[in-house]
Amino acid sequence: MALPVLNTLPKYEVNIPSMAKNVKFRPYLVKEEKVLLLAMESKDPQQILQSIYDTVVACITDEFDSKKLTTFDLEYLFLKIRSKSVGERAPLVFTCKSCEHQNEVTFEIDDVEIKVDSKPGAKIKLTDEIALKMKWPTYQEMIRDATSESQTDMAFSMIAKCIEAIQTEEENFIIKDQPAEEILAFLESLTADQYKMLTEYVEAMPQLKHEVEFDCQKCGEHNNYNLQGINDFF
């Protein structure tokens, strides 16, 4: 007689931000937590990103196209899945900005939401002849290119991932079909004002954000901290 199988039924529902689609999910299990812990211990950025992706895909029980998940989709989904797996209240340690005392502050993970005000497909006009069709980068793209590169290289890489096509009056150049060195050369040929338009698009993308307020346990000073991105929440 086979042993019983536990925790196979979905219990919760979450909205995928970029798709505006509700899906059911289950908490992650010991086997998935083990993979996550091993990835964290490895300190390999690519392995960590892949383990988060694999965990989210394994825990969502409804049909959906996982390859279309954006970076902020994965961050949001993983946060929600984790809250139902290990607890809906997360303790973090913050340094008081006045006396530098270390304060443990607990916040409700379910209070964290993502607002999707902008939409992919926007066009940025660089000149009268050249425009860029923009998109949101997928998590799969981030996994493929995960490295320990410099902040400058990472910024260039992120901007390149946000460009879907370079358009002229006669041609439409799909970025994914172009050599990496040509994409880099194109970005390096931009003026400061043109490059700023691209960075503003990246900065305006939906992000995992949450404000935490607390009064210092030592000096009583009121503090505000803005959490941003998956790393800030753990």
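Only one of the listed residues (Lys80, Lys11) is in contact (Cβ under 8 Å) with a residue 60 or more places away in the chain, surrounded by fewer than 19 Cβ atoms within 10 Å (Cβ to Cβ) and not hydrophobic (A, V, I, L, M, F, W, C). That residue is Lys11. Examine segment 94-113 for a residue that is farther than 23 Å from Asn224 by Cα, polar (S, T, N, Q) and in contact (Cβ under 8 Å) with a residue 40 or more places away in the chain, and state whether such a residue exists. Among the residues of segment 94-113, not one is farther than 23 Å from Asn224 by Cα, polar (S, T, N, Q) and in contact (Cβ under 8 Å) with a residue 40 or more places away in the chain, which makes the answer no. Do we find a residue being within 18 Å of Val14 (Cα to Cα) and of a type in the set (D, E, K, R) anywhere in segment 41-59? Yes, that holds for at least one residue. Within the option set Phe78, Phe94, Phe25, being at pLDDT 90 or above and more than 21 Å from the chain's Cα centre (by Cα) holds for one residue only, Phe94. In segment 83-98, of all residues being in a helix (DSSP H, G or I) and of a type outside the set (D, E, K, R), the one that is surrounded by the fewest Cβ atoms within 10 Å (Cβ to Cβ) corresponds to Val86. Of all the criteria given as (1) within 17 Å of Asn226 (Cα to Cα); (2) in contact with a helix residue (DSSP H, G or I) (Cβ under 9 Å, 6 or more places away or on another chain); (3) surrounded by 12 or more Cβ atoms within 10 Å (Cβ to Cβ), the one not satisfied by Asp73 is (1). Residues of segment 171-210 that are modelled with pLDDT under 90 and of a type in the set (Asp, Glu): Glu203 alone.
Condition check: free of Cβ contacts under 8 Å to residues at least 24 places away in the same chain and outside any helix (DSSP H, G or I). Does Glu63 satisfy that? Taking the combined requirement at face value, the residue satisfies it. Screening the candidates Asp153, Asp232, Asp145 for the property of being touching a Ser or Thr at 6+ places or on another chain (Cβ under 7 Å), of a type in the set (Asp, Glu) and at pLDDT below 90 yields one hit, Asp145.
Whether a residue is in the same structural domain as Cys216 (by TED's automatic domain parsing), modelled with pLDDT of 90 or more and closer than 30 Å to Ile163 by Cβ was assessed, and Leu49 does not pass this test.
Considering only residues in segment 180-226 that are among the β-branched types (Val, Ile, Thr) and touching a residue at least 12 places away in the same chain (Cβ under 8 Å), the one that is surrounded by the fewest Cβ atoms within 10 Å (Cβ to Cβ) turns out to be Thr199.
The values are calculated or read from the model by the stated rules, or taken from the named source; none is laboratory data. It should be emphasised that the depicted structure is a prediction, and the values quoted were computed from it without experimental measurement. So basically every Cβ, Gly included, is an ideal-geometry build from the backbone, and we count neighbours across all protein chains shown.
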